[in-house]
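These notes are about the structure you will find just below.
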Amino acid sequence: DVIYVMPGHSETVIAAAGIDLDVAGISVVGLGNGRNRPLISFTTAVGADIDFDAANIKLTNFQLDTTGIDALTGPFDINAADCEISHCEILAADAGGQPTQLVVTATAAARFKFVHNDVRSPDAGANSAIQLVGTEDGVEIGWNHIYGDFAVAGIENAAANVLTNINIHDNY
C-alpha cells in the first residue's frame, strides 16, 4: 500500500510511537516540492517518535522538524528490516531544541537505507544524526548532506558494534 500525504499537510508527533508504521510493505510518500512538502514536527515529550516496526517501510519526500522539544531521544526509531528514509529535509537542531540522536537503528534494522536526505544541525546539542546501535547487516547511508555540530559524530556506531556489509558512500 502507498499512503500519499498532500502538499502543505502538517502533523505533530507528541508521544512515543506517535506515528507507528507497523504494517509491512507500506510507503508513506509526501507530495509537493520544497517548503510545500508535508511537515512532521515533534513536541511535548522527549520520547516522541516515529516507529518503523514492520519490514519494508519507506518514508520519502517530507520536511521533518525535530526542534520542537529539547533532548528528543531518537525521533526515528528503526526496528525492522528493509526500511528506508529518503529525499527528506531534516532540521535536527536550532537554538531551542536538539535531539540526542536523530535516527536510531536496532539489530533488526538489516538493510536500512538512509539516502538522498538533507540533515541540518547548525547548533550544538545533538550527539549524532544516525546512531547504529545493533549489529545490523547491509545498512546503506548514501547521497546525503549531513551538516552539523554533533557532539559524537554525524554517523555513530554506538558501543563499537560489529556491523556487516555497511555501505557509507557519497555523503557530504
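Worth pointing out:
- Members of the range 130-148 found to be out of contact with any helix residue (DSSP H, G or I) (no Cβ under 7 Å at 6 or more places or on another chain), closer than 18 Å to Pro75 by Cα and part of a loop (DSSP other than H, G, I, E, B), listed by number: Gly134
- Taking the range 1-41 as the range and being in contact with a strand residue (DSSP E or B) (Cβ under 7 Å, 6 or more places away or on another chain), surrounded by 15 or more Cβ atoms within 10 Å (Cβ to Cβ), among the hydrophobic types (A, V, I, L, M, F, W, C) and under 20 Å from Cys83 (Cβ atoms) as the test, the residues that pass are Val5, Val13, Ala17, Ile19, Leu21, Ile26, Val28, Val29, Ile40.
- Any hit, the range 63-78, residues being under 24 Å from Tyr147 (Cα atoms) and in contact with a Cys (Cβ under 6 Å, 6 or more places away or on another chain): yes
- The C-beta contact set for the range 9-22 (first residue more than 22 Å from Arg35 (Cα to Cα), second residue aromatic (Phe, Trp, Tyr), distance under 6 angstrom, 6+ apart or interchain) comprises Leu21/Phe52.
- So Ala110, is it touching a strand residue (DSSP E or B) at 6+ places or on another chain (Cβ under 8 Å) and at negative phi: yes
- Of the residues screened, Ala48 is one that is in contact with a strand residue (DSSP E or B) (Cβ under 9 Å, 6 or more places away or on another chain), open to solvent by less than 10 Å² (accessible area, probe 1.4 Å) and part of a loop (DSSP other than H, G, I, E, B).
- Of all residues making up the range 133-149, the number that are under 15 Å from Glu84 (Cβ atoms) and of a type outside the set (Asp, Glu): 6
- When the residues of the range 102-132 are filtered to those that are of a type in the set (A, V, I, L, M), in contact with a Gly (Cβ under 6 Å, 6 or more places away or on another chain) and farther than 17 Å from Ala92 by Cα, the one that is surrounded by the fewest Cβ atoms within 10 Å (Cβ to Cβ) is Ala106.
- Residue check for Glu156: within 25 Å of Val2 (Cα to Cα) and open to solvent by less than 60 Å² (accessible area, probe 1.4 Å): no
- Residues of the range 51-77 that are among the hydrophobic types (A, V, I, L, M, F, W, C), closer than 17 Å to Asn127 by Cα and in contact with a strand residue (DSSP E or B) (Cβ under 9 Å, 6 or more places away or on another chain): Ile69, Leu72, Phe76.
The values are calculated or read from the model by the stated rules, or taken from the named source; none is laboratory data. Everything numeric in this text was worked out from a predicted model, so none of it was measured. So basically every Cβ, Gly included, is an ideal-geometry build from the backbone, and we count neighbours across all protein chains shown. To get the accessible areas, we keep the full protein, side chains included, count just its heavy atoms, and leave off ligands, DNA and RNA. Shrake-Rupley method; radii C 1.70, N 1.55, O 1.52, S 1.80 Å.
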